[in-house]
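The values are calculated or read from the model by the stated rules, or taken from the named source; none is laboratory data. None of these values were measured; they are calculated from a predicted model. Cβ: placed from backbone, ideal geometry, glycine included. Neighbour counts: every protein chain shown. Just so you know, the surface numbers come from the protein's heavy atoms only, side chains and all, with ligands and any DNA or RNA stripped out. Shrake-Rupley method; radii C 1.70, N 1.55, O 1.52, S 1.80 Å.
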Amino acid sequence: MIQNRLCFLFCACFLLLPASAVSRAEAERDFIKGDIRTKNQIVKSCGDSVLCERAVKFAIDAHRVLGEDDEVSTLLQTSLDFLSPDSVPSERKSSLAADIGEAFSSFASAGVKIAALDKMQYFRSLQNVAMVNDYLAYRSGISAATLVKTPMDSVSRKAVEVLGIIGNRTSFCTLLTACISDAWPQDDKLLEKSFSDISRGCESDVMDIYQSASAGQKLKLMQILSKNTVISKKCRGEVAQKALSDTIYNTGGISRGFVSQSDADLYVISLETLAAVKWTQAARLATDSFDTARLSFEARQMVSEDFAKCIIHIAEVAADNTGQVLSLYLDFLNKGMEAGKTPVKAVLLSVIKALGGLGDKAAFDYLLYVTYLDYPSDVTKAAKVALAQLKW
């Protein structure tokens, strides 16, 4: 009689248990008893986080014994995919982060690595970040050394995305170096987004990377900095000033043209960056560089469009003598026009516009003289507009 009552109470209590508790208990029992394929199906059908944790640990232990095995890899990938970060207590997250790191490092399967990377953003550890940094540095180094460029592989792409969320200063340097090294030129936008998102506090690293970069890498770095609005203006201005200085003094003085086409290109993009961030600390340097730019243009090392842009940019970060320097150049162009040497219109217009923007009254005589010469109507019109902008 007593036994019947106990049996009745046990059955009643069992029936009162939540359905999830019953299904979890059954799933755990079937998981323990089942083969690897069965385990994978149970994880898929149950989706319970505790069971997913158990499956992750089982797969890692099995891999240590069996080595690479497709069924074990599939089980691990499924378990990681179904693992819910919100369901894991804080006291178990550190241990699970270590398991995720081992899954990434020891399994060859791309699917497992991608699933592990995805979970690293929820179960964070410094060791895992360092491991992914090393992985991406290795992969990007191989790709950068390859002549025929291919798109980023799926694991590297996921690593780039995740480092843009959990990365540190080393991650920033790894991502930026991969970008300027042309590791995956088709994926530059992804690389730039990721290193930009973690760029806070990495300003000094940008200068260090610039200092150790090759000529081609310096040019690409400046192309990035000229348009990147996430990296601080201070950082962009300081590196652009350094680049401008390097291009000018590579020959030992500013009285010569640039020693190479890459220096000329770097000069143009550096000035563009200085103007974009209004980096007036480099004002004197920019104005002093005008003679170098002019000689390079006259030697056909710099196209007229670039030279015209440089004139505008020099005026945008003007020093106290910029108006005088550009006025004397306009005088040179006017005298050439008198002698039958018609100046390049784009260059002439840029000088006139720059002088008008500066408003330096020292330019008055030279601008006025433009209106007396046989220039096209749009040039004389621009000179009249510039004359009206002078400050008296």
Which residue, of Q217, Q211, is touching a helix residue (DSSP H, G or I) at 6+ places or on another chain (Cβ under 6 Å) and farther than 30 Å from Q324 by Cα?
-> Q217
Considering only residues that are among the basic types (K, R) and modelled with pLDDT of 95 or more, look in the stretch 348-386 and name the one that is farthest from A318 (Cα to Cα).
-> K381
Of the residues in the stretch 311-351, those that are closer than 19 Å to T380 by Cα, in a loop (DSSP other than H, G, I, E, B) and out of contact with any helix residue (DSSP H, G or I) (no Cβ under 7 Å at 6 or more places or on another chain) come to A339, G340, K341, T342
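Residue under question is S204, and the condition is that it be farther than 23 Å from A275 by Cβ, assigned to a helix (DSSP H, G or I), hydroxyl-bearing (S, T, Y) and in contact with a Leu (Cβ under 9 Å, 6 or more places away or on another chain); does it hold?
Spelling it out, it is not the case that S204 is farther than 23 Å from A275 by Cβ, assigned to a helix (DSSP H, G or I), hydroxyl-bearing (S, T, Y) and in contact with a Leu (Cβ under 9 Å, 6 or more places away or on another chain).
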Of the criteria (1) modelled with pLDDT of 90 or more; (2) open to solvent by 40 Å² or more (accessible area, probe 1.4 Å); (3) in contact with a Ser or Thr (Cβ under 9 Å, 6 or more places away or on another chain); (4) not charged (D, E, K, R), which one C46 fails | (1)
Does S156 satisfy the criteria of being assigned to a helix (DSSP H, G or I), surrounded by 20 or more Cβ atoms within 10 Å (Cβ to Cβ), among the polar types (S, T, N, Q) and out of contact with any Leu (no Cβ under 6 Å at 6 or more places or on another chain)?
-> yes
A55 vs. criteria exposed (fewer than 13 other Cβ atoms within 10 Å of the Cβ), more than 22 Å from L126 (Cα to Cα) and either modelled with pLDDT of 90 or more or not hydroxyl-bearing (S, T, Y) (or both) = no
Out of (1) open to solvent by 10 Å² or more (accessible area, probe 1.4 Å); (2) closer than 21 Å to D188 by Cβ, the odd one out for K233 is which?
-> (2)
Going through the stretch 360-380 in order, the residues found to be surrounded by 15 or more Cβ atoms within 10 Å (Cβ to Cβ), farther than 15 Å from G323 by Cα and not hydrophobic (A, V, I, L, M, F, W, C) are Y369, Y375, T380
Working carefully through the options D360, D378, D374, find the one that is of a type in the set (D, E), more than 42 Å from the chain's Cα centre (by Cα) and more than 24 Å from Q241 (Cα to Cα).
-> D374
Any idea how many residues of the stretch 87-125 are in a helix (DSSP H, G or I) and either within 17 Å of D61 (Cβ to Cβ) or touching a residue at least 24 places away in the same chain (Cβ under 8 Å) (or both)?
-> 27
Residues that are of a type in the set (D, E) and either crowded, with 23+ Cβ neighbours inside 10 Å or in contact with a Ser or Thr (Cβ under 8 Å, 6 or more places away or on another chain) (or both), drawn from the stretch 171-216 = E203
Only unsatisfied item for V239, checking (1) over 30 Å from R169 (Cβ atoms); (2) open to solvent by less than 20 Å² (accessible area, probe 1.4 Å); (3) at pLDDT 90 or above, is (1)
How many residues are in a helix (DSSP H, G or I), of a type in the set (S, T, Y) and either in contact with a helix residue (DSSP H, G or I) (Cβ under 7 Å, 6 or more places away or on another chain) or open to solvent by less than 30 Å² (accessible area, probe 1.4 Å) (or both) if we restrict to the stretch 254-306?
-> 8
Kindly indicate whether K345 is basic (K, R), within 21 Å of F307 (Cα to Cα) and modelled with pLDDT of 95 or more.
-> yes
